[in-house]
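Below is one structure, written out as structure tokens; the observations come after it.
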Amino acid sequence: MSRTEAPPLPEPLRVPVADSHTHLDMQDGTVEEGLARAAAVNVTTVVQVGCDVKGSRWAAKTAAAHPNVHAAVALHPNEAPRIVHGDPEGWSRQGAREAGGSAALHDALAEIDALAALDHVRGVGETGLDYFRTGPEGMAAQEESFRAHIEIAKRHGKALVIHDREAHADVLRVLAEAGAPERTVFHCYSGDAEMARVCARAGYFMSFAGNVTFKNAQPLRDALAVAPVELVLVETDAPFLTPAPFRGRPNAPYLIPVTLRAMAAVKGLEEDVLAAAIADNTARAFDY
Ligand SMILES: [Zn+2]
Ligand SMILES: [Zn+2]
């Protein structure tokens, strides 16, 4: 078996759940194949997340075409500085050059704002701060973009989906300063137990991805252990973060049961009990 081969279908869940964060547009095969494979193991709903204007339009269109796909739309925290600085990898180098950095960001945000108004768009994100991929020169643009997304989420009454990579304190600070939307989800939760207590007090949802199964992820399991069950979600962030023992191979929504079972063990809960709670929490978070 090759390391790049797709992992086998896990034993189906008995209680249907949602993958709260996935990128179908970055996965192998068609959307229909991906959804069918997921449904075969009782992962019946997915939140499709856009990372730039093009991806967000695609997410909205895909959600409109599939009743069990919900969309989240945003400029990824690593995308915002590219738009402002006109990086060649950015989606609109031309636009950035012509309009000037912040004006280009403003235009892109206006597109996200328009998409966020659509009924099948249930979330604004992934937005937030990423100090791992973006250096100090991009921090101001990231924070400006993050604050704009918070405002968009609140104005449209949509969930805010946070991407927080090595930026815990500043993400919490901006949320507190700007005032978090009623429903806020930390996608691929990466804080420790202490931060989980802070999130719990604020009522933030914590969505755990496949990395919670990694051998070196004890701090993440400690965080999951203290996170109130009514605030816990599960996600793949596929094609990234494939759960153990399939690390390094392609991830997809049908692998949710692998992560959910590992989470049930951490929480000391029956698989069905955790699945039912997560199904309920995801529907509450994204208001569908
Ligand atoms: Zn992310
Ligand atoms: Zn993501």
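Laboratory data are not the source of any read-out in this text; all were calculated from the coordinates shown. Just so it is clear, the structure is predicted and the values come from calculations on it, not from any experiment. Every residue, glycine as well, gets a Cβ built from its backbone with ideal geometry; the counts of neighbours run over all protein chains shown.
Secondary structure note: in the chain, about 0% of the DSSP beta bridges are antiparallel.
Dividing the alpha-carbon radius of gyration of region 135-288 by the rule-of-thumb value 2.2 N^0.38 Å gives 1.03. Placing a label point 7 Å from the Cα of residue 222 along the Cα-to-Cβ line, no residue of region 164-187 has its backbone N under 12 Å from it. Note: relative contact order over region 205-287, using C-alpha pairs below 8 Å and six or more positions apart, is 32 percent. Across the alpha-carbon atoms of region 208-288, the computed radius of gyration and Dmax are 12.1, 35 angstrom. Springs join every pair of Cα atoms under 10 Å in this Gaussian network model of the chain, and among 226, 273, 171 the largest mean-square fluctuation is at 273. Taking 0.36 nm per residue of separation and subtracting the current Cα-Cα distance, fully stretching the chain between residue 182 and residue 64 would add 40.1 nm. If you take all other residues with their beta carbon under 12 Å from the beta carbon of residue 225, and give Lys and Arg +1 and Asp and Glu -1, the sum is +1. Rounded to the nearest 20 debye, the dipole size of the chain about its Cα centre is 320 debye, using +1 on the Cβ of Lys and Arg and -1 on the Cβ of Asp and Glu. Along the chain, the exposed loop sites are GluC sites (Glu not before Pro) outside DSSP states H, G, I, E and B with at most 14 other Cβ atoms within 10 Å, and the longest stretch free of them is 183-269. Span-like helix check, the chain: qualifying full DSSP H segments, with Cα axial length of 24 Å or more and mean Kyte-Doolittle of -1.0 or more, are 139-156. Computed from the alpha carbon atoms alone, the convex hull of the chain holds 121 Å³ per residue. Placing a pseudo-label 7 Å from each Cα along the Cα-to-Cβ vector at residue 28 and residue 240 gives an inter-label distance of 2.1 nm. When shorter helices are ignored and each DSSP H run of at least 4 residues is given -39500 (n - 2.57), the per-residue value for the chain at 222 nm works out to -14000 deg cm²/dmol.
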